[in-house]
Ligand SMILES: C[S@@+](CC[C@H](N)C(=O)[O-])C[C@H]1O[C@@H](n2cnc3c(N)ncnc32)[C@H](O)[C@@H]1O
């Protein structure tokens, strides 16, 4: 037999709680001759069972009816499914803590956070000690802060040997150029990379071009190319962040951005770059867009992970109009433009794969090449020629 204080100690409960249970009729103490209550093993076991049920999320009342009546199966089924959901959530939280400690990969978590809270994600990365450029690379490329350094090394090993860093061609750049009313004045190229389009803009126009990128080695490569081609006086390269461009409002006649606006988000790019244009200035921008309403499951899943903001050309046109542009023209780049990028990329992956065994960068680039191979015209790279509306 147990006194109430002994029972409380055995169960890790307070005396007051036990008195309350007594009042509810969950336990029944015997009054002894000295006036104290005493409890038997049956009470102890009943309370242990009650504690187990409570830990499963049942209320006291539900526990009581479970103990005293026939089990309510519907109620238990519902609690079971709630418990499963809670466990799944906790498991995710556990996975996250383990991944933050470097015990597993973080890419899925970074991708999810990037979808639901992109600004908070970037701010948080910067608090973890990454600079803005690294944070952007992490957001778009490595998607795992524990693997970031190795990923970027491998990624650059692939790309340093490729002149073109995105789909495009001389044909399509020229086609867009042909739609411009004037090919002179002050032009800005954003995210020029190693300058595949810059060379063409410099040699096919009379404009002075400021070419910006945040990758200094790429700009050095471009400077050398321009020197060799005798075009140095036509282009000024500037290492700058496309999200914080160091130019006065109303400076440029034309802004050219092939395969780069997605980096700061097309809406943000269209808004902030418009301010740098003169009245009636032109923005030429390319963006990856859906061409069909119902892409295959694999293709959809791939691009939702890589480019969650991807939409249709029609909705980009509406966006541009809402942000104060007239759409001069818009066309999808040619198949040749896709091949110009993915064929050398694929060959380069084959070359370096042997020496970069187990590289996540190589694996994700291979997945991208695969998505391209299964394109079947489900998506396009669309060129938009926009003019600042009066
Ligand atoms: C997909 S590549 C396109 C390069 C080039 N336009 C082409 O088609 O080959 C994107 C370019 O944007 C540059 N970039 C990435 N983030 C940037 C940023 N925040 N500011 C400026 N340039 C950036 C990269 O270094 C890279 O050269």
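Things to note:
- Residue 11 being in contact with a strand residue (DSSP E or B) (Cβ under 8 Å, 6 or more places away or on another chain), surrounded by 15 or more Cβ atoms within 10 Å (Cβ to Cβ) and either more than 28 Å from residue 146 (Cα to Cα) or at pLDDT below 90 (or both): no
- If you filter the range 176-201 down to residues that are assigned to a helix (DSSP H, G or I) and within 14 Å of the ligand (Cβ to nearest atom), you find that the one that is surrounded by the fewest Cβ atoms within 10 Å (Cβ to Cβ) is 200.
- Number of the condition not met by residue 162 [criteria: (1) part of a helix (DSSP H, G or I); (2) within 16 Å of the ligand (Cβ to nearest atom); (3) under 25 Å from residue 341 (Cβ atoms)]: (1)
- The set of residues in the range 136-159 being farther than 22 Å from residue 303 by Cβ and within 11 Å of the ligand (Cβ to nearest atom) consists of 156 alone.
- When the residues of the range 205-221 are filtered to those that are farther than 22 Å from residue 132 by Cβ and within 16 Å of the ligand (Cβ to nearest atom), the one that is surrounded by the most Cβ atoms within 10 Å (Cβ to Cβ) is 209.
- Within the range 12-36, tally of residues that are under 56 Å from the mean Cα position of the chain (by Cα) and part of a loop (DSSP other than H, G, I, E, B): 6
- Just one residue in the set 225, 236 is more than 10 Å from the ligand (Cβ to nearest atom), modelled with pLDDT of 95 or more and part of a strand (DSSP E or B); that residue is 236.
- Under the condition of being at pLDDT 95 or above, in a loop (DSSP other than H, G, I, E, B), over 11 Å from residue 212 (Cβ atoms) and within 15 Å of the ligand (Cβ to nearest atom), the residues counted in the range 239-275 number 2.
- Of the residues making up the range 23-39, those that are at pLDDT 90 or above and surrounded by 13 or more Cβ atoms within 10 Å (Cβ to Cβ) are 38, 39.
- Taking the criterion of being in contact with a strand residue (DSSP E or B) (Cβ under 6 Å, 6 or more places away or on another chain) and either within 16 Å of residue 371 (Cα to Cα) or more than 16 Å from the ligand (Cβ to nearest atom) (or both), the residues of the range 328-349 that qualify are 328, 329, 330, 331.
- Every residue from the range 371-390 that is surrounded by 14 or more Cβ atoms within 10 Å (Cβ to Cβ) and without any contact (Cβ under 8 Å) to a residue 40 or more places away in the chain: 372
- Taken over the range 284-318, the residue count meeting the criterion of being assigned to a helix (DSSP H, G or I) and closer than 30 Å to residue 107 by Cα is 13.
The values are calculated or read from the model by the stated rules, or taken from the named source; none is laboratory data. Source: prediction; values computed, not measured. As a convention, Cβ positions derive from the backbone with ideal geometry for all residues, glycine included, and neighbour counts pool all protein chains shown.
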